[in-house]
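Here's the structure we're looking at; comments come further down.
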Amino acid sequence: MVDSGASICCLTYDIFKRSGLYRDHSLMKSDIKSAESVDGTLMQIMGKVTIPMTICRLTLNQTFYVFKKLNQSVILGRDFLKDQKAWVDFGED
């Protein structure tokens, strides 16, 4: 899920394990200890991992912060959007 309201890319620990990412990519100590959810809850960050992501034929390395539980398994945040110079057009209401 792309979330322009999320400042960082997030991944659940369950997806990190079930996807097999842990075999080739170590969970590193996070430079951020916690993140605030949309409802104001502080959620502890377990660590971070940088993994290759392929979109169409373009492979990018992206850092994800790993959480025990999230409402979505994977969140692409503003850091990803900024790094990729993404244009987001919300249109007119």
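The values are calculated or read from the model by the stated rules, or taken from the named source; none is laboratory data. Predicted model, so just to flag it, every value in this text is computed and none were measured. Note: ideal-geometry Cβ built from the backbone for every residue, glycine included; neighbour counts use all protein chains shown. Ligands, DNA and RNA are stripped out before the accessible areas are found, and what is left, the full protein with its side chains, is counted by its heavy atoms. Shrake-Rupley method; radii C 1.70, N 1.55, O 1.52, S 1.80 Å.
With the structure loaded, tell me whether ASP89 is part of a loop (DSSP other than H, G, I, E, B) and under 15 Å from the mean Cα position of the chain (by Cα) or whether it fails that test.
Working: part of a loop (DSSP other than H, G, I, E, B): yes; under 15 Å from the mean Cα position of the chain (by Cα): no.
Spelling it out, it is not the case that ASP89 is part of a loop (DSSP other than H, G, I, E, B) and under 15 Å from the mean Cα position of the chain (by Cα).
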Note down all Cβ pairs under 9 Å where the first residue falls in the range 34-48 and is more than 14 Å from ALA6 (Cβ to Cβ), the second is open to solvent by 50 Å² or more (accessible area, probe 1.4 Å) and of a type in the set (Lys, Arg), and they're at least six residues apart or on different chains.
-> GLN44/LYS33; GLN44/LYS68; MET46/LYS68; GLY47/LYS29; LYS48/LYS29
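Where in the range 1-71 are there strands (runs of 3 or more DSSP E), lying wholly inside it, with at least 2 residues that are within 30 Å of PHE90 (Cβ to Cβ), in contact with a strand residue (DSSP E or B) (Cβ under 6 Å, 6 or more places away or on another chain) and among the aliphatic types (A, V, I, L, M)?
Answer list for the range 1-71: 42-55, 58-67.
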State the number of residues belonging to the range 61-78 that are free of Cβ contacts under 8 Å to residues at least 60 places away in the same chain and more than 18 Å from MET28 (Cβ to Cβ).
-> 2
Of all the residues that make up the range 53-68, how many are farther than 29 Å from SER34 by Cβ and open to solvent by 90 Å² or more (accessible area, probe 1.4 Å)?
-> 4
